[in-house]
Amino acid sequence: MVFGMSLATYTQLHVLISFLGIGSGAAVMYGFFRGHRLNGLTLFFLVTTILTSVTGFFFPFTHLTPGHILGILSLIALTIAIGARYAGKMRGSSRWIYVVTASISLYFNVFVLIVQSFEKVPALHALAPTQKEPPFAIAQLALLVLFIAMTWIAVKRFHPEGSAIGNANAYDRAKRAA
């Protein structure tokens, strides 16, 4: 039992929160590419991603696992992202710090999704039963390369209105439209 729920129910809740965090994080990443803040969706992403990490610590365990370490790293990245987004108001260096740390948090969640997929999906488990086989390594390497590229693009493109660059870009777009 965890918080009065069976372990199976708690696991389903944790997985649901994780999927909501990943889905909203993908939408926020798309917003980065388009230069949009997506305020409500961003808040939802940050909250569900925090909840994903926090709920992971309440599963029964006897020793510190790689999942716990990723949870701790994700919470650190999320703390920095929240500070840059809300306290730093995404001005100056806080803009790229926010994009990078939010992207890292999303990466960690998708990384765990792949780990869990190789553990739970029979076809994937057959390809890499110990997660030391090439298909698992290739999947994780591809994910890392994809997230590095996406984060790079996001940092280059995310200049929301309200920042000096964002205001200049909005001015240029308005000027071209006229």
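The values are calculated or read from the model by the stated rules, or taken from the named source; none is laboratory data. All values derive from a computational prediction rather than experimental measurement. With ideal geometry, Cβ positions are generated from the backbone for all residues, glycine too; neighbour counts draw on all protein chains shown. For the accessible areas, the whole protein counts, side chains as well, though only heavy atoms, and no ligand, DNA or RNA atoms are used. Shrake-Rupley method; radii C 1.70, N 1.55, O 1.52, S 1.80 Å.
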- Residues being over 13 Å from ALA102 (Cα atoms) and surrounded by fewer than 15 Cβ atoms within 10 Å (Cβ to Cβ): count how many of those fall in segment 62-88. 8
- Scanning segment 1-37 residue by residue, the ones that are open to solvent by less than 40 Å² (accessible area, probe 1.4 Å) and aromatic (Phe, Trp, Tyr) total 2
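State yes or no: is SER117 surrounded by fewer than 19 Cβ atoms within 10 Å (Cβ to Cβ) and of a type in the set (Ser, Thr, Tyr)? Steps first, answer last, please.
Working: surrounded by fewer than 19 Cβ atoms within 10 Å (Cβ to Cβ): yes; of a type in the set (Ser, Thr, Tyr): yes.
Yes.
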- Going through segment 38-49 in order, the residues found to be open to solvent by 60 Å² or more (accessible area, probe 1.4 Å) and either within 22 Å of ILE72 (Cβ to Cβ) or in contact (Cβ under 8 Å) with a residue 12 or more places away in the chain (or both) are LEU41, PHE44, VAL47
- Can you name every residue in segment 154-178 that is modelled with pLDDT of 95 or more, open to solvent by less than 70 Å² (accessible area, probe 1.4 Å) and assigned to a helix (DSSP H, G or I)? ALA154, VAL155
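Mind checking which residues of segment 115-135 are more than 20 Å from the chain's Cα centre (by Cα) and in a helix (DSSP H, G or I)?
Taking segment 115-135 first, the residues more than 20 Å from the chain's Cα centre (by Cα) are 119-135.
Answer for segment 115-135, where residues must be more than 20 Å from the chain's Cα centre (by Cα) and in a helix (DSSP H, G or I): GLU119, LYS120, PRO122, ALA123, LEU124, HIS125, ALA126, LEU127, PRO134, PRO135.
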